[in-house]
Amino acid sequence: MKIVVVGSGNVATHFARAFYASGNDIAQVYSRNITHAQVLASQLDAQAIDSFADLADDAHLYLLAIPDDALYEVVTQISPKQGIVVHTSGSVPMDVLKPLSAKIGVVYSPQTFVKSLEMNYSELPFCLEASDGEVLERLKNLVLPVSEKIYEINSDQRRKLHLAAVFVNNFGNALNAMAQDITMLNDIPFEILHPIIAVTAEKASHGDLWLLQTGPAVRGDEKTISNHKKLLANDSDLLELYSLITSIIQKKCQ
């Protein structure tokens, strides 16, 4: 499949690498910053461009891997195409692409992507949505050589899946970062918590997580909770967060 990639960020980089490695022709990489386009294009034997006017008209697939808010503007700047046009966003409806083609879709993976980190693409879940059955089959054929973990997810489901992903990834990482701050401020090696972080992540694949909840909130250990709050007395944000999460756990696990 001949593919044009619009974007050169984390998602664009990993999707382009994955599809290139599975035998597709990445014809062009677009970025507003030509240097960024050149860096990615050089890995894919592709042409680097920085103008939408230079987008090829004969590609089979146009992959718009750009920030969510930018999608709405970019759609107004690209001329209609005969090929399939897809985006990779978790929160933007598929129909935003209708001005660009009669054949549209979404290829979304709820994962955290960083350019510099290698990934096992075969472990990635791919959530697909398409304007019709033929487009869906073509997207499945594109993704299947990369990963067998394919799910048909509509726009409404995808928005809610993206919300859930923010909780487990972005919020989860922020909570770990707050824990790291606590240890660093008290001259405690954060690596002591690495095993419990790993076990918590592993536990996520084992059934109803509320039934697996542990800690002072579940035990009703009010003295420990009170002592924790005293330790956070000088940080109103963390104290509020601790109190809120403790309350939620108690309500869910009572």
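Is it the case that Leu63 is assigned to a helix (DSSP H, G or I) and under 17 Å from Ser31 (Cα atoms)? Considered against the rule, which asks whether it is assigned to a helix (DSSP H, G or I) and under 17 Å from Ser31 (Cα atoms), Leu63 comes out as no.
Restricting to segment 55-67, name every residue that is over 10 Å from Val4 (Cβ atoms) and either exposed (fewer than 14 other Cβ atoms within 10 Å of the Cβ) or among the polar types (S, T, N, Q) (or both). Of everything in segment 55-67, just one residue is over 10 Å from Val4 (Cβ atoms) and either exposed (fewer than 14 other Cβ atoms within 10 Å of the Cβ) or among the polar types (S, T, N, Q) (or both), namely Pro67.
Within segment 193-215, identify whether any single residue is without any contact (Cβ under 8 Å) to a residue 12 or more places away in the chain, farther than 21 Å from His228 by Cβ and in contact with a Leu (Cβ under 8 Å, 6 or more places away or on another chain), and answer yes or no. Yes; the residues of segment 193-215 include at least one that is without any contact (Cβ under 8 Å) to a residue 12 or more places away in the chain, farther than 21 Å from His228 by Cβ and in contact with a Leu (Cβ under 8 Å, 6 or more places away or on another chain). In segment 3-20, of all residues being of a type outside the set (A, V, I, L, M, F, W, C) and in a helix (DSSP H, G or I), the one that is nearest to Ala56 (Cα to Cα) corresponds to Tyr20. Only residues that are loosely packed, with under 14 Cβ neighbours inside 10 Å, at pLDDT 95 or above and among the acidic types (Asp, Glu) were counted in segment 108-144, giving 3.
Kindly evaluate Ser79 against the criterion of being under 24 Å from Arg32 (Cβ atoms), in a loop (DSSP other than H, G, I, E, B), without any contact (Cβ under 8 Å) to a residue 24 or more places away in the chain and not aliphatic (A, V, I, L, M). Considered against the rule, which asks whether it is under 24 Å from Arg32 (Cβ atoms), in a loop (DSSP other than H, G, I, E, B), without any contact (Cβ under 8 Å) to a residue 24 or more places away in the chain and not aliphatic (A, V, I, L, M), Ser79 comes out as no. In segment 68-91, the qualifying residues are those that are out of contact with any Ser or Thr (no Cβ under 8 Å at 6 or more places or on another chain) and of a type in the set (Val, Ile, Thr), and the one that is farthest from Ile3 (Cα to Cα) is Thr76. Taken together, the residues in segment 25-46 that are touching a residue at least 12 places away in the same chain (Cβ under 8 Å), more than 19 Å from Gln82 (Cβ to Cβ) and not small (Gly, Ala, Ser) amount to 10.
The values are calculated or read from the model by the stated rules, or taken from the named source; none is laboratory data. Computed from a prediction, not measured in an experiment: that's the story for all the values here. Neighbour counts run over all protein chains shown; Cβ positions are idealised from the backbone, glycine included.
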